[in-house]
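Remarks on the structure that follows.
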Amino acid sequence: MLICMSTYFTRVMPSWRWWFAGLAVAFSLAAGAQVQRLPTMVVELQTVDVTLPANGLVEAVSQATVAAQLAGRVVEVYVDAGQSVRRGDLLMRIDAREASEVAAAASAQYVNAKASYQRTLSLRQQGFVSQAAVDKAKADFDAAQATRGQATVGLGHATVRAPISGVVAQRLTELGEMATPGKPLVAIHDPDGMRVTVTVAQYRLAQMRSVKQARIEFPELGKVVEATSVTVLPTADAATHVSLVRVGLPSGIADVVPGLHARVYFVIGRASKLTVPQTAIVRRGEVAAVYVQNEQGKLSLRQLRLGEPVGSSEIEVLAGLRPGERVALDPVKTAVDLKSASQRGN
């Protein structure tokens with residue numbers, strides 16, 4: 001009998017089903033033995049929020065990518081990724097010798113044009129030149145003045161300063177590299193202002209406009225927080241037929257950075273659902289199960305089909321449990337006790 005079952009599990013059933021079936025058989029045999037009293041709870045229907053899930057990315061509300069406005073080699077770098085800066089702090093310095101020569105030439109041209117205009121104006125007062133000559137000298141003077149101002153402003157771009165206060169996310173240009181107008185140098189974001197941007201199908205927009213509450217889950221961090229705001233942007237993508245929704249994050253959440261994946265659950269109503277604590281679930285790959293205790297106190301492992309998370313610690317059960325059944329809250333301790341009881345029985 002045991003040989004036939006082993007052959008069936010090995011050749012017919014997938015690997016995860018083989019694991020679950022074998023584990024269930026072993027613990028069902030051990031359930032008849034005497035085990036210690038374990039913490040359990042009776043599962044019941046609860047009135048919980050009905051949510052609409054959507055995936056999105058974290059982004060900073062205030063962020064800036066500082067680009068070069070002057071051509072030249074980067075000769076000094078004062079910041080690195082992860083460093084905090086304040087608005088106006090010096091980030092980099094670009095070699096401005098060429099720009100300095102251009103500014104000097106523009107200044108000399110300005111001085112010459114100003115003197116020429118004044119001489120022409122004096123000659124016009126004496127009747128030696130026409131008004132057209134005065135107009136041309138004035139135009140040359142104005143052009144030289146504008147050129148000097150432009151060259152002076154360009155010279156000021158040799159010192160790159162932080163446009164906002166925040167944290168340096170990336171240093172995009174290194175010491176010694178050539179900077180050209182428009183080339184990104186440093187990316188900065190404000191960590192105190194974060195939000196999650198998700199896409200929602202257009203047919204959901206009417207439903208989304210009444211949403212005021214949402215929960216944000218960070219699967220990689222194991223954190224769930226309440227959203228501070230939900231804003232549906234008044235735009236839609238004609239190609240993908242989706243709209244953007246911005247969900248505000250509370251400040252001070254550790255390890256939350258721009259680009260991090262997040263899952264948002266928009267609260268769209270209330271309903272009765274059967275839930276269990278997430279800590280009571282045994283997971284092996286895609287298989288989820290709980291230890292169920294019958295009226296005689298015997299424990300057995302039962303596979304579940306799960307739905308969405310409910311709150312910060314519960315998860316919906318779609319199939320595998322009935323209201324009124326009792327489940328073990330500590331699956332690790334339950335497995336250890338069942339194994340010990342089985343060994344004592346043998």
Please report, in whole Å, how far the alpha carbons of the chain spread along each principal axis, starting with the longest.
124, 46, 37
Dividing the mean separation of Cα pairs under 8 Å (6+ apart) by the residue count of the chain yields a relative contact order in percent of 28
At 25 °C and a viscosity of 0.890 mPa s, what translational diffusion coefficient does Stokes-Einstein give for the stretch 64-189, taking Rh as the Kirkwood radius over Cα pairs? Give it in µm²/s as a whole number.
146
Of 171-182, 96-107, 328-339, ordering from highest average Cβ density within 10 Å down gives 328-339, 96-107, 171-182
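Sort 270-276, 186-192 by the packing proxy (mean of other Cβ within 10 Å over each peptide's residues), most packed first.
Values: 270-276: 16.7, 186-192: 19.9.
Listed from highest to lowest mean packing, they are 186-192, 270-276.
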Tell me the relative contact order for the stretch 84-170 as a rounded percent, counting alpha carbon contacts under 8 Å between residues six or more apart.
61
Candidates VAL256, VAL230, VAL287; GNM for the chain (alpha-carbon contacts under 10 Å) flags as most fluctuating VAL287
Rounded to two decimals, what ratio of Rg to Rh does the stretch 197-346 give with C-alpha atoms and a Kirkwood Rh?
1.10
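Under 20 Å between alpha carbons: how many lysine pairs meet that in the chain, if sequence neighbours fewer than 8 apart on the same chain are excluded?
Counting lysine pairs in the chain gives 4.
We did not get these values from a lab; they are worked out from the coordinates using the rules stated. It should be emphasised that the depicted structure is a prediction, and the values quoted were computed from it without experimental measurement. Here Cβ is always computed from backbone atoms with ideal geometry, including for glycine, and neighbour counts include all displayed protein chains.
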